[in-house]
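For reference, the structure discussed in these notes is given below.
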Amino acid sequence: MTETDSAETRSDALHPDAAVFSAGDEDRTDDGETPESTATSGVTETQTVEGVRDALRHVFVVAVTEYRLAVRSRWALALTGLFVVFGGMMLTFSGSAVGPEGAERVVASLTSLAAYLIPLAALTLGYDAVVGREDEGWLAVVFSLPVRRSEVVAGTYLGRLTVLAGATVLGFGFSGVLLVREFGLGAWPSFLGFLVGAVGAGAAFLAIAVLLSTVAREKTHALGAALLVWVWFVLVHDLIALGVVAAFELPDAVLSALVFSNPVSAFRVLVLSGLGTTAGGGFTAVLAGSGLSTASLAAALAAWCVIPIAVAARLVRRRRL
């Protein structure tokens with residue numbers, strides 16, 4: 001038998017190329033993937049899930065630690081007492097009209113109070129979130145552990161947000177109880193909208209405070225920057241926007257941008273538009289009936305919470321201790 005005959009009579013299984021392809025076909029699964037690739041993808045997915053769980057656990061631990069430290073330092077008690085006192089005073093001096101109009105007037109007055117008080121409380125609570133912990137030496141200890149710096153920032157923000165939100169709900173909740181007692185359960189929906197908006201505004205300014213604390217190198221610098229932020233958003237921005245609206249006929253897109261660029265304005269418009277009243281005065285009272293949707297205003301407040309924390313999480317990686 002010649003070599004040609006032996007090559008012709010050789011089976012495909014014995015052909016070198018056929019052996020390679022047959023081996024590859026035997027190793028493939030029904031989906032066309034090899035067991036090695038399937039195992040690799042499975043390990044990658046498992047590592048990703050475990051990484052997410054570890055990150056969430058780290059954030060939770062830092063948040064709980066920040067909450068306990070704030071409670072021990074009497075921050076929660078001080079803020080709650082502050083909101084109770086000022087809310088009760090505002091409820092007492094807001095008028096004695098009976099019925100829905102009286103309830104709306106009281107909620108509008110509480111909104112004006114919260115627009116000044118809550119940003120100041122949030123900035124005061126968060127201006128030393130990073131730079132203060134660095135001065136105490138606590139930040140260097142935490143950063144030496146196997147935990148990402150961004151997780152520390154997120155946990156710090158969430159822990160202090162829990163304190164601020166709890167103080168807001170409890171403090172102004174006392175005013176809500178008095179409001180329902182005076183005007184009945186019909187006043188509860190409008191007050192609940194105010195309470196949710198107040199928590200959102202506090203969360204936005206707390207996020208700004210954490211960002212300032214990440215950028216500043218000293219506590220005094222962070223405190224000064226926080227006061228300037230309060231003056232701009234609470235006082236100056238509203239006056240400038242009102243003057244621009246009064247002097248020029250602006251399109252709706254520009255008016256919406258003026259509202260969304262200030263968390264205080266978004267909070268005020270959100271509450272006053274739900275009340276259907278222009279009480280409270282100022283730029284936001286002019287735009288209370290402008291037709292801005294509740295969803296867009298809530299999204300603006302959410303953006304003011306997320307964006308500063310995301311920026312702080314990136315900048316903290318470059319911070320030298």
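Sort D238, D54 from largest to smallest accessible area, using a 1.4 Å probe on the heavy atoms of the protein chains.
From most exposed to least exposed: D54, D238.
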In Å², nearest 10: area of R217 left accessible to a 1.4 Å probe: 120 Å²
Over segment 217-265, volume per residue of the alpha carbon convex hull, in Å³: 74 Å³
With Cβ to Cβ distances under 13 Å as the rule, what net charge do the other residues near G159 carry (K, R +1; D, E -1)? +2
³J(HN,Hα), Karplus 6.51/-1.76/1.60, whole Hz, each residue of segment 149-154, x for Gly, Pro: 5, 5, 5, 5, 5, 5
Net charge dipole size for segment 115-228 [Lys, Arg +1 and Asp, Glu -1 on Cβ; Debye, nearest 20]: 140 debye
Determine how large the accessible area of W232 is when every protein chain is in place; take a 1.4 Å probe and give Å² rounded to the nearest 10. 110 Å²
Would you please name the trypsin sites (Lys or Arg not before Pro) within segment 53-84 that are DSSP coil residues with at most 15 other C-beta atoms within 10 Å of their C-beta? R74
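Which net charge results when you count Lys and Arg as +1 and Asp and Glu as -1 among the other residues whose beta-carbon is under 13 Å from that of F194?
Values: positive: R105, R268; negative: E104.
Residues near F194 contribute +1 overall.
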Using a 1.4 angstrom probe on the protein heavy atoms only, line up H237, H58, H221 by accessible area, largest first. H221, H58, H237
In square angstrom, rounded to the nearest 10, how much accessible surface does L117 have for a 1.4 Å probe? 20 Å²
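Can you tell me how segment 153-276 classifies by the Cα gyration tensor, rounded, prolate or oblate, using a/c under 1.5 as the rounded cut?
Values: a/c = 2.41, a/b = 1.09, b/c = 2.21.
Verdict is oblate for segment 153-276.
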What net charge is computed for the residues neighbouring S296, neighbours being all others with C-beta under 15 Å from the C-beta of S296, Lys and Arg scored +1, Asp and Glu -1? 0
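The values are calculated or read from the model by the stated rules, or taken from the named source; none is laboratory data. Everything quoted here is computed from the prediction, not taken from an experiment. Because the Cβ atoms are built from the backbone with ideal geometry, glycine has one as well, and the counts that use them run over all protein chains shown. With ligands, DNA and RNA removed, areas are computed over all heavy atoms of the protein, side chains included. Shrake-Rupley method; radii C 1.70, N 1.55, O 1.52, S 1.80 Å.
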